[in-house]
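Take a look at the structure set out below.
The values are calculated or read from the model by the stated rules, or taken from the named source; none is laboratory data. Since we're looking at a predicted model, the values are computed, not measured. No Cβ is skipped: glycine too gets one built from the backbone with ideal geometry, and neighbour counts run over all protein chains shown.
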């Protein structure tokens with residue numbers, strides 16, 4: 001009988017030790033979110049307008065979350081590498097991404113690793129881009145009309161750069177070219193920073209981009225020919241929109257933050273509330289104003305509805321421009 005008693009005592013000790021080892025794991029699982037740093041993917045190069053705004057958003061939101069938000073730049077592929085990462089990312093709220101408008105459009109043109117309506121948890125809409133066409137200050141074109149007339153007279157001789165294939169800056173110029181019967185040569189770039197370097201270095205003749213060009217325009221290094229929104233830019237009221245000069249093209253590109261599909265609703269709400277509060281932070285608003293990016297708040301549900309409408313619109317645009325490869 002004695003051996004049986006010792007065996008029971010040993011089993012009790014072993015189970016007790018196992019319970020003690022399991023306790024930290026159980027505590028870790030129940031720890032309030034977030035309990036460690038969060039990664040925010042920026043699918044654009046460091047130094048560009050999106051990178052600058054995301055760093056402002058991240059710093060402000062981190063104070064409200066009590067954990068740091070680390071920006072990881074993944075430039076290339078027209079700003080879609082953040083979206084590409086989401087389907088294989090654990091939906092625990094520790095890896096999220098900025099979602100540029102190209103992620104709605106590209107799946108309408110070619111096969112992609114993501115479905116814009118099925119593979120993301122829409123967290124919050126934050127802002128949008130002021131976009132326009134710029135040339136060097138010493139370029140011969142003083143207005144958008146002169147640029148269009150010259151391009152029409154010299155088919156295939158004028159090139160322009162954008163932040164990548166199927167990005168909004170690319171698609172707007174292609175829509176303009178289609179409507180005005182222009183043959184322009186497109187030169188895609190990884191992001192705003194290298195696009196500006198390419199234009200200033202004389203490697204391209206014009207650049208279509210969000211307002212990363214603004215400091216160069218103010219410094220007299222670039223000339224802004226037109227903006228793409230429904231209204232003139234606040235900082236450049238003398239520059240017309242494409243629509244008001246009769247070209248019939250309008251584009252206002254919103255963006256926000258998403259995570260992988262299947263995120264816990266409470267985690268998404270925690271992130272939503274933290275990022276929503278950044279739109280009342282004077283430091284964040286100062287950065288947005290400097291880059292001509294308005295605060296355009298959307299709840300997660302509103303952001304998903306916006307995505308649905310953009311997907312439908314971009315599907316038709318891709319067909320009209322004959323850009324679909326599906």
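Pick from segment 204-235 the residues that are without any contact (Cβ under 8 Å) to a residue 60 or more places away in the chain and over 17 Å from residue 140 (Cβ atoms): which of them is farthest from the chain's Cα centre (by Cα)?
This residue is 219.
Specify which of the listed residues (95, 112, 103) is at pLDDT 95 or above and not assigned by TED's automatic domain parsing to the domain that holds residue 216.
Every option except 95 fails the conditions.
Please enumerate the residues belonging to segment 62-92 that are under 11 Å from residue 42 (Cβ atoms) and part of a loop (DSSP other than H, G, I, E, B).
Result: 74, 75.
Identify, from the list 76, 128, the residue that is out of contact with any helix residue (DSSP H, G or I) (no Cβ under 8 Å at 6 or more places or on another chain), modelled with pLDDT under 95 and closer than 26 Å to residue 218 by Cα.
Exactly one of 76, 128 is out of contact with any helix residue (DSSP H, G or I) (no Cβ under 8 Å at 6 or more places or on another chain), modelled with pLDDT under 95 and closer than 26 Å to residue 218 by Cα, namely 128.
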